Amino acid sequence: MFALNNLEIADLYYAYSLAAARLKKTAICIKYCQLALEIYQELYLLKRCVDCHVLLGITHRRNNNMEEAVSQYKTALDLAGQIHYKDIFLTIQHNLGFLYGVIGETDKAIDLFQVILSKEDQLTPYVHVQTILSLVKELHKKNNNKEAFQLVQKGFELLIKHPDLKNQFYLEFNFYYLLFLDKYEELQKLMFSKVVPELEKEKKDFSLSNYCLFLGDHYYAKGKYKNAAKYFAYSREFLNKSNLTK
């Protein structure tokens, strides 16, 4: 028999919480992540504390506990800034921005995404494209479609430079491109031929819910209530399936 030291126990708790998170066992994830965090705090291992706060933020978000999720992300962001934990700082900002968008604090989301894009030289191609798409979504909520359309075009340019990202982002950029040009018939065809199958495969149910809501609002405004009802029903269906992941 041998005894584990505190660090080994904390690492074991954290590994267990990660495994629980992957299995969507949120109560178990929170329990063991919190235990790991308490030991990391005692040992003053601040990077690992940041990692725990991020995981707790993700898990509380999945539980729709938005207030606690925001609190965990803010703590992670403040701590990562203090210790210059650059590898994760931008990811935390993006996650917090996404969460602000979910809870309707669109201005805060826009501010965070713009801060991230102001550090363009620090961004990986993936984070750059992902942040542009996230900002497009929030600007559209504010009806700032001119700026959003310009960002869509920039997104397309980045996908040309980085074709390995095309499969992950092209369909969503194309959705907004057609949306801003009011090409709703093309949008409807795109939704069911490509967008829905692809995003369902990637389990992006929250995004699908929003896209269906856009089309429902459009058809309702046009007086096409049967079409509107169909897309509102789709929106509710995808929202119910969603755990608020992107």
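The values are calculated or read from the model by the stated rules, or taken from the named source; none is laboratory data. Since this is a predicted model, take the numbers as computed values, not measurements. Neighbour counts run over all protein chains shown; Cβ positions are idealised from the backbone, glycine included. These area figures cover heavy atoms from the full protein model, side chains too; ligands, DNA and RNA do not enter into them. Shrake-Rupley method; radii C 1.70, N 1.55, O 1.52, S 1.80 Å.
Quick notes
- Of all the listed residues (Lys146, Lys166, Lys142, Lys108), the sole one being open to solvent by 20 Å² or more (accessible area, probe 1.4 Å), touching a residue at least 12 places away in the same chain (Cβ under 8 Å) and not polar (S, T, N, Q) is Lys142.
- When residues of segment 206-218 are limited to those that are touching a residue at least 24 places away in the same chain (Cβ under 8 Å) and over 16 Å from the mean Cα position of the chain (by Cα), the one farthest from Glu172 (Cα to Cα): His218
- Of the residues screened, Asn174 is one that is over 24 Å from Gly104 (Cβ atoms), without any contact (Cβ under 8 Å) to a residue 60 or more places away in the chain and open to solvent by less than 80 Å² (accessible area, probe 1.4 Å).
- The one condition from (1) of a type outside the set (D, E, K, R); (2) in contact with a Cys (Cβ under 6 Å, 6 or more places away or on another chain); (3) open to solvent by 50 Å² or more (accessible area, probe 1.4 Å) that Tyr231 does not meet is (3).
- One residue stands out in segment 52-92 among those that are within 12 Å of the chain's Cα centre (by Cα) and open to solvent by 10 Å² or more (accessible area, probe 1.4 Å): the one that is farthest from Leu239 (Cα to Cα), namely Thr91.
- Among the numbered conditions (1) part of a helix (DSSP H, G or I); (2) under 18 Å from the mean Cα position of the chain (by Cα), the only one that Lys203 does not meet is (1).
- Residues satisfying the stated conditions in segment 219-236, i.e. without any contact (Cβ under 8 Å) to a residue 24 or more places away in the chain, of a type in the set (D, E, K, R) and in a helix (DSSP H, G or I): Lys226, Lys230
- Unmet requirement for Ala148, which otherwise passes all of (1) out of contact with any Ser or Thr (no Cβ under 6 Å at 6 or more places or on another chain); (2) at pLDDT below 95; (3) within 17 Å of Tyr211 (Cα to Cα): (2)
- Any hit, segment 7-22, residues being closer than 30 Å to Leu133 by Cα, touching a residue at least 12 places away in the same chain (Cβ under 8 Å), among the charged types (D, E, K, R) and part of a helix (DSSP H, G or I): no
- Yes/no for Cys33 being open to solvent by less than 20 Å² (accessible area, probe 1.4 Å) and touching a Phe, Trp or Tyr at 6+ places or on another chain (Cβ under 8 Å): yes
- Residue-level analysis places Glu120 among those that are at pLDDT below 95, open to solvent by 70 Å² or more (accessible area, probe 1.4 Å), of a type outside the set (S, T, N, Q) and under 26 Å from Leu151 (Cα atoms).
- Scan of segment 38-64 for residues that are of a type in the set (A, V, I, L, M) and more than 15 Å from Tyr85 (Cβ to Cβ), ordered by number: Ile39, Leu43, Leu56, Ile58
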